[in-house]
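The values are calculated or read from the model by the stated rules, or taken from the named source; none is laboratory data. Just so it is clear, the model here is predicted, and its values are computed rather than measured. Reconstructed Cβ throughout: ideal geometry from the backbone, glycine too, with neighbour counts over all protein chains shown. Quick note on the areas: whole protein, heavy atoms, side chains included, nothing else; ligands and nucleic acids left out. Shrake-Rupley method; radii C 1.70, N 1.55, O 1.52, S 1.80 Å.
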Amino acid sequence: QVHLVESGGGLVQPGGSLRLSCAASGVDVRGQAMVWYRRAPGKQRELVASLTSGTDTYYYDLVKGRFTFSRDNAKNTVYLQMNDLKPEDTAVYYCNTYPLGVWGQGTQVTVAS
């Protein structure tokens, strides 16, 4: 059974950085396409970034150039490095496999001064 645990969220000032982690079990991230989604208050969950089973990445336009999706095969973990954070990035962030599986609990990111 696939189990994903997100961590690394928190409160950060605008312009700050955070690195989110997604530790996986029950799946080998090395050969698995993965995604990061987020859900802002009052909004639907939206795709932020995706990483193919290889090294190709896709980023939502509003985060392109600021966020980086990476994979650590040895730790069976994927990461989302988020730089130059903006208040509109405030949301609960979730990782998942692709095709989508069971959602984890997510990690809260709050960008505020």
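Do we have any residue at all in the stretch 42-59 that's in contact (Cβ under 8 Å) with a residue 12 or more places away in the chain, of a type in the set (Phe, Trp, Tyr) and either surrounded by 15 or more Cβ atoms within 10 Å (Cβ to Cβ) or more than 22 Å from residue 111 (Cβ to Cβ) (or both)? Scanning the stretch 42-59 turns up no residue that is in contact (Cβ under 8 Å) with a residue 12 or more places away in the chain, of a type in the set (Phe, Trp, Tyr) and either surrounded by 15 or more Cβ atoms within 10 Å (Cβ to Cβ) or more than 22 Å from residue 111 (Cβ to Cβ) (or both). Every test in (1) open to solvent by 20 Å² or more (accessible area, probe 1.4 Å); (2) over 12 Å from the mean Cα position of the chain (by Cα); (3) modelled with pLDDT of 95 or more is passed by residue 30 save one, and that test is (3). Kindly provide the set of residues from the stretch 72-82 that are within 20 Å of residue 2 (Cα to Cα) and either acidic (Asp, Glu) or open to solvent by 20 Å² or more (accessible area, probe 1.4 Å) (or both), ordered by number. Answer for the stretch 72-82, where residues must be within 20 Å of residue 2 (Cα to Cα) and either acidic (Asp, Glu) or open to solvent by 20 Å² or more (accessible area, probe 1.4 Å) (or both): 72, 73, 74, 75, 76, 79. The set of residues in the stretch 83-99 being closer than 16 Å to residue 60 by Cβ and either loosely packed, with under 13 Cβ neighbours inside 10 Å or of a type in the set (Lys, Arg) (or both) consists of 86, 88.
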